[in-house]
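First up is the structure itself, then whatever we jot down about it.
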Amino acid sequence: MKTQMLSSVGLFAASAVAQAVLNSGNGFGTLYYDVVDVNGCQDDFSNQNLGFVECNFFTGLSLDQMNTDNVVAMNHTLLAGDLAKYCGKKVIVTTNGVAHDLDLFIGDGCARCAGGPSTNTVWNPDGAPGLDFSFTVAQQLNSNACFNGHFDLSWEILDETVYNFDTNAPGQPTGPVNQRRSANKRSERDSRRRL
Ligand SMILES: *[C@@H]1O[C@H](CO)[C@@H](O)[C@H](O)[C@H]1NC(C)=O
């Protein structure tokens, strides 16, 4: 019993540092909206910003209503197959060898990101693996994102919810998850007493 308790404490400690990876890959980043910089990338995103995100499609929630540029769109087929698994989960993107922790999260589906083989390394606007971002975030990931229209990246979707969507349980409140850190003082005291 004692061994079991110790190992579960170990698991808890590990999960606070590194979450399980739900999905990862290499491919291409693109951009499709921006609620902060509506006219970024010599474009007018106002129509795109009105679109309902796939993670909240049934009760309706537009990018404008979410009012954040941190929504990321992923492989539409994979997302549609299990909304609850991916929606609101944290995304870490790596470009040019740098892993960016920009508080990004899955919120939408990307049709291009579902087409062609998942191992495709050649850009194809009709189908290539990857993710789709806001203009503002894409520019942070690669300063030529707007100019070139796409850029190389790799990604990890972590099992950590940073945004709550009303996905599979209609009526759930939506919005960012409060970041709370609870120091586990009690179990620290308990383990000291056990010695
Ligand atoms: C998208 O996801 C589907 C379902 O898992 C998969 O069959 C397909 O290969 C993926 N497409 C890409 C480009 O990764």
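The values are calculated or read from the model by the stated rules, or taken from the named source; none is laboratory data. Everything numeric here is computed off the predicted structure, so don't read it as measured data. Heads up, the Cβs are rebuilt from the backbone with ideal geometry, glycines too, and the neighbour counts pull from every protein chain shown. Ligands, DNA and RNA are excluded from the accessible area calculation, which covers all protein heavy atoms including side chains. Shrake-Rupley method; radii C 1.70, N 1.55, O 1.52, S 1.80 Å.
Cα convex hull, the range 21-194: 147 Å³ per residue, rounded to a whole number. Residues whose amide H falls under 5 Å from that of residue 160, counting only those 5 or more places apart or on a different chain, are 90, with hydrogens built in the peptide plane. Write out the trypsin sites (Lys or Arg not before Pro) in the range 10-105 meeting two conditions: DSSP loop, and at most 11 other Cβ atoms within 10 Å of their Cβ. Counting only loop positions with at most 11 other Cβ atoms within 10 Å, none of the trypsin sites (Lys or Arg not before Pro) in the range 10-105 qualifies. Ranked by solvent-accessible area (1.4 Å probe, protein heavy atoms only, all chains present), the residues 62, 24 order from largest to smallest as 24, 62. In terms of overall dimensions, the range 24-76 has a Cα radius of gyration and Dmax of 11.8, 32 angstrom.
Accessible area of the range 21-194 with a 1.4 Å probe: how many percent of it is carbon plus sulfur?
46
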